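What follows draws every value from the coordinates through simple rules; no lab data is involved. All of these numbers come straight from a predicted model, not from anything done at the bench. As a convention, Cβ positions derive from the backbone with ideal geometry for all residues, glycine included, and neighbour counts pool all protein chains shown.
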Amino acid sequence: MTRTKGQIALLDELTFEHVNEDNYHVLTQKRHFSRRNSFGSTQAFLCLGITGVSRDFYREVIKVNYEGLRNYYHTPTVLLLNNLPRQMNEYDVNVTENYILPNQNMWSYVPGSATCEIFVSGDVAGPFFLLGYDEWLNTDNLIQRTTAPADSGLFDFGMMIYNLRYMLQGHGGRAFDQEKLMKVLTFANMEYLRFMAMYTGDNPTEPWRKGSFSQFGFTNESSVVLTSWALMTLRDAVYPEWEEKALFIDPNLRADIVAFLLTVQQPNGSWAELTTSMDRNKFGIRYTNISGTYQQLNLSLTAQALIALQLNVDVRGIPAKFITGAINRGKMWLEKYFRLITDAFDMAIVTYALHVTNSAEQDSAFAMLNYFKKMNENGIYYSNMNLPGMTKTWRNVNPRYGPKPVQTDMEAHAVASTAFVVMTYTYKARVKEVEQSVLWLQSMRNYIGGWSATYDSCIAQRAIVGYAVLRGFEITSYNIRMNLTSGTSIEQNYDPVFITDENLIEAQVRDVERVWSVVYIDGFGNGYALIQMHVGVNVEFDDLIRRPEYVPFSIDVQPMLSGRNFSVIDYNVCLGWRPENINVLKASRSGTVMIEIQIPTGYRVEEKDLKMMLRGLYTRNLREAENWPGQINFGFDYIDFDPICFQFQAKRWIPVANISRYYEVRAYEWFEPGNMNRSVYTL
């Protein structure tokens, strides 16, 4: 017997049934209710259990997710108060007040699902510790993707290291004490150990692979791109104070990685990838016409390996005897062919490599950067093509910013290219000249903590931190106040945001309650601030899903429900690379691909089934299969014109009330996520 007070919705009647305070009932008998009907949008039900022995209290926070797929709109800007005492910005909230579309049997978004958050952090290099010091940074909370591949761990590690570099030399160090340092170093150490799981140590069958990394942990798939990137990041993490406290980078490890790079260097001085190219746009196959013969020069990969070796000339042991010769051979290869470059990323990374190795051709390469220089209202960038940028209009004396457009092809490519140009200017101590490129980089954020993918986000953070450290002397003391006002909530008082040297590195968040109209931010004082408005809203119709105009993948998802109460769902999935990509993307196959398939709440694929898919080798190019909260992720080495089809079975793991209707399936290139197919399937 339970005593109830409140309302209960009866499925056979479209009303809410009130239960008066003094009524008792057995849960299975509806006739014991004295009913009083009402029609309202908000209903409450309170159930109090009375027993004669004892009682327990359980308090839980329940997050209710709205139906449909989530669309995000991101608006990142930099508040510059180094020369101006005051600046006011306006931000368009890309959600309408009225969700009903006239004369249509659909609505523009799910009512009540819209959210709007304003994130503010000091200086141009933030936000540094997005979730505070008790949470470590990873690909999940920074760029909203799985942490399974090796580059995810390397990205997590690198982002924390570059934030610590800013604390070491920038303004943030004034508010960064030893306790915070120890927490971050502990988290960095955990990520260090995690991506070291993809490291190939002593290998009796192939001893030459010792010192290499592989993207998915297969010992026979050593990646030169990943290994050289890891060597760069590990060297950036070497600092005596950190070694003393918590984070020790073994010099023998760096020596083994250097030895691997020396082993796989070509006789002509270049480096070539040993496996399928993971990053098609930046390190993919490019042929150059040399005296009537097309050759693969591998200039971008050679430049990255050269940068990594130059940063590690202090290694010990046998590799130390050969590293200088390898650097000179690689430098000569770049000097010989850099004038034939037709790609912005190749030019940017080669120019930086020639500078750090003190090449005689560094100024000539630097001058060639102008061939790839582009400009829009958000700043200067370096790319093969013009990219859509965040809209900036002047309806009055204040700039009004619209959300950043959806990701496109070559976006991560352009971010990485511009980041290496920023590093080149920083290396030449010409930071004032590259301010517009830094502003453009910040305007291209797709997430609060990152840009598009792991590589471009990590390289961009490295570049911006180096810029902020050298430019920091211009601001002797931070003192900024920002007042926030919403066009829909004039009566709502938002706490002002203060940025000083004491809270510079903290991310301050303000929520906007009524999500439409315009947000106004009035800032005055002295210093820099990174302001990011993040808007999210759910939609239920395929035409309203936010995605790139061009869809490079073909996806077919066929779920079949069976079992008592639909306790089993069998999925049949086919994924292919569209033939049109030959003309549009100039590619006959993709780079590394991830497909994410949402499944109903409470369902799960058994781990043994996922491991069997990987070990059985009956799904072509499959390299990763994992359960992730609310979805299943599958990683592929590449996708080509021949569709890859596979099956898996999801079983009810936790009892739930029902199954939602709309679920998202998303396939994208891992290192260029602007090439994506984002679709919806229904149950």
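Relative to the compact-globule estimate of 2.2 N^0.38 Å, the Cα radius of gyration of the stretch 374-448 comes out at 1.14.
Helix 178-195 axis versus longest C-alpha principal axis of the chain: approximately 80°, rounded to the nearest ten. Put a plus charge on the Cβ of each Lys and Arg, a minus charge on the Cβ of each Asp and Glu, and nothing anywhere else: the dipole of the chain about its Cα centre is then about 400 debye. With an a/c value of 1.5 or above and a/b not larger than b/c for the gyration tensor axes a ≥ b ≥ c computed over the alpha-carbon atoms, the stretch 596-683 is described as oblate. Simple rule: put +1 on each Lys or Arg Cβ and -1 on each Asp or Glu Cβ in the chain, find the dipole, and look at Gln87, Val465, Gly172; the Cα lying farthest toward the positive end is Val465. Maximal additional length on extending the Lys611-Tyr371 stretch stands at 81.5 nm, based on 0.36 nm per residue less the C-alpha distance.
From the convex hull of the Cα coordinates of the stretch 227-380, what is the mean projected area in square nanometres? Computing the convex hull of the Cα atoms and averaging its projections yields 11.5 nm². Shape analysis of the stretch 68-107 yields a ratio of the Cα radius of gyration to the Kirkwood radius, Rg/Rh, of 1.22. Per residue, the convex hull spanned by the Cα atoms of the stretch 124-474 amounts to 145 cubic angstrom.
Under the combined filter of DSSP loop state and at most 13 neighbouring Cβ atoms within 10 Å, the stretch 628-683 retains these chymotrypsin sites (Phe, Trp or Tyr not before Pro): Phe641.
Counting only GluC sites (Glu not before Pro) that DSSP places in a loop and that have at most 12 other Cβ atoms within 10 Å, the longest clean stretch of the chain runs over 136-490. Rounded to the nearest 10 degrees, the inclination of helix 454-471 to the longest alpha-carbon principal axis of the chain is 70 degrees. Would you mind checking the tilt of helix 607-616 against the longest principal axis of the Cα atoms of the chain, expressed as 0 to 90 degrees and rounded to 10? It is inclined by approximately 40 degrees. If the chain linking Asn565 and Thr263 were pulled fully straight, counting 0.36 nm for each residue of separation and taking away their Cα-Cα distance, it would gain 102.8 nm.
Taking the convex hull of the alpha carbon positions in the stretch 316-400 and averaging its projected area over all directions gives 8.5 nm².
Computed from the Cβ-Cβ distance with R0 of 22 Å, the FRET efficiency linking Asn203 to Tyr618 stands at 0.25.
Short version: ³J(HN,Hα) in whole Hz for each residue of the stretch 330-336, in order, from phi by Karplus 6.51 cos²θ - 1.76 cosθ + 1.60 (θ = phi - 60°), x for Gly and Pro, what are they? Taking θ as phi minus 60°, the curve returns x, 5, 5, 5, 5, 4, 6 Hz for the stretch 330-336. For Val313 and Thr275, the FRET efficiency from 1/(1 + (r/R0)^6), where r spans their Cβ atoms and R0 equals 25 Å, is about 0.35. Only alpha carbons enter this Debye calculation for the stretch 184-300, each as an equal point scatterer, and the log10 of I(q)/I(0) it gives at q = 0.10, 0.11, 0.12, 0.20 Å⁻¹ is -0.37, -0.44, -0.51, -1.13.
Where in the stretch 373-416 does the label zone of Val518 land, with the point 7 angstrom along Cα→C-beta and an amide N cut-off under 19 Å? Label zone hits: 390-404. Placing a label point 7 Å from the Cα of Asp177 along the Cα-to-Cβ direction, the residues of the stretch 121-136 whose backbone N falls under 15 Å from that point are 133-134. Compactness of the stretch 354-395 was expressed as the Cα radius of gyration divided by 2.2 N^0.38 Å, which yields 1.64. Using R0 = 51 Å, the C-beta based FRET efficiency linking Ile100 and Phe641 works out to 0.75.
Every pair of different Cα atoms in the stretch 502-658 enters the Kirkwood calculation, which places the hydrodynamic radius at 19.7 Å. Between Arg70 and Asp56, full extension at 0.36 nm per residue minus the direct alpha carbon distance yields a gain of 1.3 nm. In units of the rule-of-thumb radius 2.2 N^0.38 Å, the chain shows an alpha carbon radius of gyration of 1.05.
Taking trypsin sites (Lys or Arg not before Pro) across the stretch 359-460, the ones in a DSSP loop with at most 12 further Cβ atoms lying within 10 angstrom of their Cβ are Arg395, Arg430.
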